[in-house]
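Before we start, here is the structure in question, set down as structure tokens.
The values are calculated or read from the model by the stated rules, or taken from the named source; none is laboratory data. Computed from a predicted structure; not experimentally measured. Cβ placement follows ideal geometry from the backbone for every residue including glycine, while neighbour counts extend to all protein chains displayed.
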């Protein structure tokens, strides 16, 4: 973007389309957060491309006054890969859900992350299949009662952030749909060059109402959420508790912080480039620990599309795109009126 | 001048002259038979003969040595007249081991020549080929001419100066054999020597050994002939196969996969649009991905995706972003791409999908040829999902078909299916190199300004094509997707009248492609008459030769070969009805036949073969005979 970026307002990012989510759905809050964040990113609507798969969340592109592609179930990462390779200048956002990204599209999510395509992936996790009327999803907890699991689900859920980390993602964040911090997470994700994976806990008011309340509810948030910030100690419960390393078991533990002296309690200072700690934060069992929210991991490395562009340029260097010469390549012979000549 | 070793008539010192000769090289899959065949093809092409080849190899990369299922064969038919098929029956079989003999000898014409490497006919190899007795000794090959040569020993002798190990040295056996074959048919060795020197530039000993073996095989022919001593019951002679009359111009050999890749590049250049190719490895389609991966200077981006679905989905994403998306696979992969094809139809984006067909269903016969995906191409998607379908008939025809597929895709904003098959993909033939200046450009235009009356992403031109708008274009932001689109606006619209109308628009847009394609011609014979033999794809060769023979014999037969499978040429119905009978030879159980009956209510009769091998001319001859009586 060489020319002066036009300053946009929230209104510039809204379409004239009627939003069709259930009243009270967490998707509304996420949509507003995105529309509110876009003007702050200094980007233009015409350079922005929202790509989604199938599911409630995947209606999202229709409501953004940008380019948008509502694709097929699970395949948004693959469509996004083609679009970004075709035009690396596009600012690509993938909107997906727990079923879309981790069940039918798990393969594409994995490969997009390992390739490190420069884009933002917003996974709306509501632990349920909403659009098909409430079946359990790959993130539903064991025992979830749904029309397809009337006696409760028996299979273990996938952890989206652990999946992302295992796939090689270099940016992993967690956010809550109605949380004001979502905007900051979006900004961090956007500033990360490479695949930025964001799990957003999203309340499905119809089929899985308040399933995240144990940590998302505002009144208990202080004790149930660990709000992460790079370079800051991992404190919660109004600074009275913190996360420290148990050196004997090489695992995390909750420690009490007395009189704000977190150093004395050996509370860990969050370093977003520390992959091992990111893994432990992702895997902290909720209940015994708070839920880690915010940017868990951020350590960029070169992106896929940049490598492709560079290799294409190198391979083409000094070569002329001469179609006739290409067709004539290899051993040829000429036939004249008198017959063939070697 | 070469003369025959054993001649009935001693008066002639001239080589036997043949109109065409069919040679099959057969050996273990590690013996380098495809390479031998490929080089023999090159020297034959350079001599100006017309030719067609048929590589026939196992699905296993390196099957256990000496086994029946590990046999790899390469057949070439070359002649001084137009050659359309790889030949029904070989005249010469070169068998590098007992298994190769066993699996190929029955195809040899009676009286044909077998050249066998007797050094490989020990007990172990005979057991592996399930021979109880040595066929070279027990008289079981009496109806053919047999030449036993210890090619292994002769090769070892020839390459001795290079000091290679036994195993390494024996790798040159194929070059020894090639040398003999070049002598037999009076072909030049130099192009192959040049090629070996280039290929093994970094391994001069290996190059030297191979060249020595090549020369030794050639010298063996000369010496054996001159010395005139007995070579068992063998009949070693040279045969002159002259140049075929062909149009003046520059030629090269080309396989279907090469020609198709070149055609895609040419098509993209003519459309003035960068190409994005998404592929996933699958036999026999991978060669296209390999070829295109090396052509970055033509603004080609290739992407090996994580699966077949991602390959087409990425191509669709690239098309949305303004490049020409192309994807390629074979039947099983095409099945996986089905849903995404529907998305391309619904979002009306240009896309080319190539199916290199193979034997099916399921994994089927990965390395064998079949044309049984026609239903899949025309009908194989959910919903009313019309898509233009084109079928290439030969390696060189694949070039033109690829350009045509690109043209239809960009002019009509639609996915297009291009059908080829394993036979076309791997077979080589001489190709008159097109003059690029004679190819007509069809540059695309993108909508890049707000039209009067506002943006309507689903408005249409006279071809019913919607505008192609690249993301990044100011003011023209819009959303597309797989949900039914409102007329003109492209907004989500579930309305019943809208769906009726949009379904009709999609149908009529694709049917309208018929306005831009030529009328169906008659490839051979008269328009109207007793019998039409109607084919599509790689059956062109055997049908054409069989019909030629019938026409030359004064029979009222015509050959019609359909390139545009969907929509079909506008005159096709009338044309078919002008014959008393219509037969449709296909390498499936009758798929084009069904389509013709459905479209035109003609009594098309199926002639079917699904053995994994192409039709022989004799099989089509027989069908013609039966249907003329």
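Quick grid of which residues meet (1) more than 8 Å from every other protein chain (Cβ to nearest Cβ); (2) under 18 Å from residue A:125 (Cα atoms); (3) in a helix (DSSP H, G or I):
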| residue | (1), (2), (3) |
| --- | --- |
| A:29 | yes, yes, yes |
| A:35 | yes, no, yes |
| A:55 | yes, yes, no |
| A:59 | yes, yes, yes |
| A:69 | no, no, no |
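Do you know which residues across region B:58-72 are crowded, with 18+ Cβ neighbours inside 10 Å, part of a loop (DSSP other than H, G, I, E, B), on the phi < 0 side of the Ramachandran plot and in contact with a strand residue (DSSP E or B) (Cβ under 7 Å, 6 or more places away or on another chain)?
B:58
Mind listing whichever residues of region A:207-240 are without any contact (Cβ under 8 Å) to a residue 24 or more places away in the chain and touching a strand residue (DSSP E or B) at 6+ places or on another chain (Cβ under 8 Å)?
A:222, A:240
Moving on. Run down B:441, B:518 and say which single residue is within 14 Å of chain A (Cβ to nearest Cβ), out of contact with any strand residue (DSSP E or B) (no Cβ under 7 Å at 6 or more places or on another chain) and under 30 Å from residue A:324 (Cα atoms).
Answer to the check: B:441.
While we're here: Scan region A:18-44 residue by residue and report those that are exposed (fewer than 15 other Cβ atoms within 10 Å of the Cβ) and touching a helix residue (DSSP H, G or I) at 6+ places or on another chain (Cβ under 7 Å).
A:19, A:20, A:40 - these are the residues of region A:18-44 that are exposed (fewer than 15 other Cβ atoms within 10 Å of the Cβ) and touching a helix residue (DSSP H, G or I) at 6+ places or on another chain (Cβ under 7 Å).
Return yes when residue A:45 is more than 30 Å from residue A:210 (Cα to Cα), over 17 Å from the mean Cα position of the chain (by Cα) and within 9 Å of chain B (Cβ to nearest Cβ) and no when it is not.
Yes; evaluated as a whole, the condition is true for this residue.
How many of the residues making up region B:313-338 are facing chain A (nearest Cβ under 8 Å) and either surrounded by fewer than 24 Cβ atoms within 10 Å (Cβ to Cβ) or more than 19 Å from residue B:470 (Cα to Cα) (or both)?
Of the residues in region B:313-338, 1 are facing chain A (nearest Cβ under 8 Å) and either surrounded by fewer than 24 Cβ atoms within 10 Å (Cβ to Cβ) or more than 19 Å from residue B:470 (Cα to Cα) (or both).
Which one of these does residue B:254 not meet: (1) under 30 Å from residue B:40 (Cβ atoms); (2) in contact with a helix residue (DSSP H, G or I) (Cβ under 8 Å, 6 or more places away or on another chain); (3) at pLDDT 95 or above; (4) within 11 Å of another protein chain (Cβ to nearest Cβ)?
With (1) under 30 Å from residue B:40 (Cβ atoms); (2) in contact with a helix residue (DSSP H, G or I) (Cβ under 8 Å, 6 or more places away or on another chain); (3) at pLDDT 95 or above; (4) within 11 Å of another protein chain (Cβ to nearest Cβ) applied to residue B:254, the lone miss is (3).
Take the residues in region A:267-288 that are out of contact with any helix residue (DSSP H, G or I) (no Cβ under 9 Å at 6 or more places or on another chain) and outside any loop (DSSP other than H, G, I, E, B), then tell me which one is surrounded by the most Cβ atoms within 10 Å (Cβ to Cβ).
Result: A:267.
Hey, another quick one. Condition first: within 14 Å of chain A (Cβ to nearest Cβ) and modelled with pLDDT of 90 or more. Now tell me which residues in region B:167-190 satisfy that.
Scanning region B:167-190 gives B:189, B:190.
Restricting to region B:222-251, what's the tally of residues that are assigned to a loop (DSSP other than H, G, I, E, B) and either modelled with pLDDT under 80 or under 15 Å from residue B:44 (Cα atoms) (or both)?
Counting residues in region B:222-251 that are assigned to a loop (DSSP other than H, G, I, E, B) and either modelled with pLDDT under 80 or under 15 Å from residue B:44 (Cα atoms) (or both) gives 15.
Return a yes/no flag: does region A:294-302 have any residue that is away from chain B (no Cβ under 12 Å), free of Cβ contacts under 8 Å to residues at least 40 places away in the same chain and either in contact with a strand residue (DSSP E or B) (Cβ under 6 Å, 6 or more places away or on another chain) or under 30 Å from residue A:176 (Cβ atoms) (or both).
no
Another question about this same structure. Has region B:277-289 got at least one residue that is in a helix (DSSP H, G or I), surrounded by fewer than 22 Cβ atoms within 10 Å (Cβ to Cβ) and without any contact (Cβ under 8 Å) to a residue 24 or more places away in the chain?
Scanning region B:277-289 turns up at least one residue that is in a helix (DSSP H, G or I), surrounded by fewer than 22 Cβ atoms within 10 Å (Cβ to Cβ) and without any contact (Cβ under 8 Å) to a residue 24 or more places away in the chain.
Has region B:457-467 got at least one residue that is within 21 Å of residue A:50 (Cβ to Cβ) and under 36 Å from the mean Cα position of the chain (by Cα)?
yes
In addition: Which number in (1) at pLDDT 95 or above; (2) outside any strand (DSSP E or B); (3) within 26 Å of the chain's Cα centre (by Cα); (4) more than 19 Å from residue B:392 (Cβ to Cβ) marks the one condition that residue B:611 misses?
Answer for residue B:611: the failing condition is (1).
Conditions tested, residue by residue: (1) part of a loop (DSSP other than H, G, I, E, B); (2) touching a helix residue (DSSP H, G or I) at 6+ places or on another chain (Cβ under 6 Å).
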site: B:442; (1), (2): yes, yes
site: B:445; (1), (2): yes, no
site: B:449; (1), (2): yes, no
site: B:454; (1), (2): yes, no
site: B:467; (1), (2): yes, no
site: B:494; (1), (2): yes, no
site: B:510; (1), (2): no, no
site: B:515; (1), (2): no, no
site: B:518; (1), (2): yes, no
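So for region A:305-327 (the condition being in contact (Cβ under 8 Å) with a residue 60 or more places away in the chain, surrounded by 15 or more Cβ atoms within 10 Å (Cβ to Cβ), over 30 Å from residue B:298 (Cα atoms) and more than 9 Å from chain B (Cβ to nearest Cβ)), does at least one residue qualify?
No; the residues of region A:305-327 include none that is in contact (Cβ under 8 Å) with a residue 60 or more places away in the chain, surrounded by 15 or more Cβ atoms within 10 Å (Cβ to Cβ), over 30 Å from residue B:298 (Cα atoms) and more than 9 Å from chain B (Cβ to nearest Cβ).
Of all residues in region A:82-103 being in contact (Cβ under 8 Å) with a residue 40 or more places away in the chain and part of a helix (DSSP H, G or I), which is farthest from the other protein chains (Cβ to nearest Cβ)?
Checked region A:82-103; the qualifying residue farthest from the other protein chains (Cβ to nearest Cβ) is A:98.
Give region B:290-302 a look and list any residue that's within 11 Å of chain A (Cβ to nearest Cβ) and either touching a residue at least 60 places away in the same chain (Cβ under 8 Å) or surrounded by fewer than 24 Cβ atoms within 10 Å (Cβ to Cβ) (or both), or say none.
B:291, B:293, B:294, B:295, B:296, B:297, B:298, B:299, B:301, B:302, listed by residue number.
Just to be sure I understand, how many residues within region B:84-106 are surrounded by fewer than 23 Cβ atoms within 10 Å (Cβ to Cβ), within 20 Å of residue B:63 (Cβ to Cβ) and in contact with a strand residue (DSSP E or B) (Cβ under 7 Å, 6 or more places away or on another chain)?
3
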